[in-house]
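Below: one structure, written as structure tokens.
The values are calculated or read from the model by the stated rules, or taken from the named source; none is laboratory data. Predicted, not measured: the structure shown is a model, and the values here were computed from it. As a convention, Cβ positions derive from the backbone with ideal geometry for all residues, glycine included, and neighbour counts pool all protein chains shown. Accessible surface is based on the protein model in full, side chains and every heavy atom, while ligands, DNA and RNA are left aside. Shrake-Rupley method; radii C 1.70, N 1.55, O 1.52, S 1.80 Å.
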Amino acid sequence: CGDMILAGGHRIAAVVTRDDAVRGWAEGQGLRVEADPRALIGAASADWLLSIANLRMIPAEVLAIPARGAINFHDGPLPRYAGLNTPAWAIINGETTHGISWHVIEGGVDEGDLLAQREVEIAPDETAFSLNSKCYAAGMESFDSVLAQMEGGTLDRTAQDLSQRSYFARDRRPAQDGVLDFRVPAEALSALVRG
């Protein structure tokens, strides 16, 4: 996504990451890199804040930095799969499709208006790792739509139907808690292990 932003002639004020590969990419582009988003408070300005592959809550003071708003990439179809580890939960729940969502950061966690979504198929032998890889690919493929909305100055917002919302908290675990119960169908056991 950073490459697409730069290729579009835009400037990236800073990259916040603890990932060595992302840090290396950003430093290779000559970009400011921080490990803690609070380092940007009072020291950076931007039109947009993009949260991509980020598993941490962004402090309100950091969300206040961008003049135009903040946008999040989520590896699940909102509102049905909000929260964390949603590819794993989709497999465990026996879903045949999953998806990704780009949404405005506002309201509660993963509750903001949708900007773009893509569906991905779940193969019968899908693992959480392979499904997550498909989600990241779908996120990259759909980012051009989000970038075009930001460039145009008008977001194509669709409110989420929060009555359809499911939320998977960081500490949520399957009911089996890692124990395989051989009284349940083999398909359910396979889904639990693959998820």
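Points worth noting:
- Under the condition of being within 19 Å of Ile5 (Cα to Cα) and in contact (Cβ under 8 Å) with a residue 40 or more places away in the chain, the residues counted in segment 73-93 number 1.
- Restricting segment 178-195 to residues that are within 15 Å of Trp89 (Cα to Cα) and part of a helix (DSSP H, G or I) leaves a set whose member that is modelled with the highest pLDDT is Glu187.
- In segment 76-97, the residue that is farthest from Thr158 (Cα to Cα) out of those that are buried (at least 24 other Cβ atoms within 10 Å of the Cβ) and touching a Phe, Trp or Tyr at 6+ places or on another chain (Cβ under 7 Å) is Ala90.
- Residue tally, condition among the aliphatic types (A, V, I, L, M) and part of a loop (DSSP other than H, G, I, E, B), over segment 99-134: 4
- Only residues that are among the hydroxyl-bearing types (Ser, Thr, Tyr), out of contact with any helix residue (DSSP H, G or I) (no Cβ under 8 Å at 6 or more places or on another chain) and at pLDDT 95 or above were counted across segment 44-85, and they come to 1.
- Of the residues examined, Gln117 is one that is open to solvent by 20 Å² or more (accessible area, probe 1.4 Å), within 14 Å of the chain's Cα centre (by Cα) and farther than 25 Å from Glu61 by Cα.
- Qualifying residue in segment 135-150 (condition: within 17 Å of Trp48 (Cβ to Cβ), in a helix (DSSP H, G or I) and of a type in the set (Ser, Thr, Tyr)): yes
- Some residue of segment 57-69 being part of a loop (DSSP other than H, G, I, E, B) and under 27 Å from Leu192 (Cα atoms): no
- Pairs, first closer than 15 Å to Ile52 by Cβ and without any contact (Cβ under 8 Å) to a residue 24 or more places away in the chain in segment 1-13, second assigned to a loop (DSSP other than H, G, I, E, B) and among the polar types (S, T, N, Q), C-beta under 8 Å, six or more apart: Leu6/Gln29; Ile12/Gln29
- Unique match (being loosely packed, with under 10 Cβ neighbours inside 10 Å and over 14 Å from the mean Cα position of the chain (by Cα)) among Val179, Val184: Val179
- Every condition in (1) more than 22 Å from Arg56 (Cα to Cα); (2) open to solvent by 20 Å² or more (accessible area, probe 1.4 Å) holds for Ala128 except the one numbered (1).
- In summary, Ser101 fulfils each of the numbered conditions (1) polar (S, T, N, Q); (2) over 24 Å from Gly2 (Cα atoms); (3) touching a His at 6+ places or on another chain (Cβ under 6 Å) with the single exception of condition (2).
- Among the residues of segment 100-113, none qualifies, meaning not one is under 18 Å from the mean Cα position of the chain (by Cα), farther than 30 Å from His10 by Cα and modelled with pLDDT of 80 or more.
- Odd one out for Glu151 among (1) in contact with a strand residue (DSSP E or B) (Cβ under 8 Å, 6 or more places away or on another chain); (2) open to solvent by 50 Å² or more (accessible area, probe 1.4 Å): (1)
- Candidates Ala70, Ala43, Ala26, Ala60, filtered to the one that is free of Cβ contacts under 8 Å to residues at least 60 places away in the same chain, over 20 Å from Asp156 (Cβ atoms) and open to solvent by less than 30 Å² (accessible area, probe 1.4 Å): Ala26
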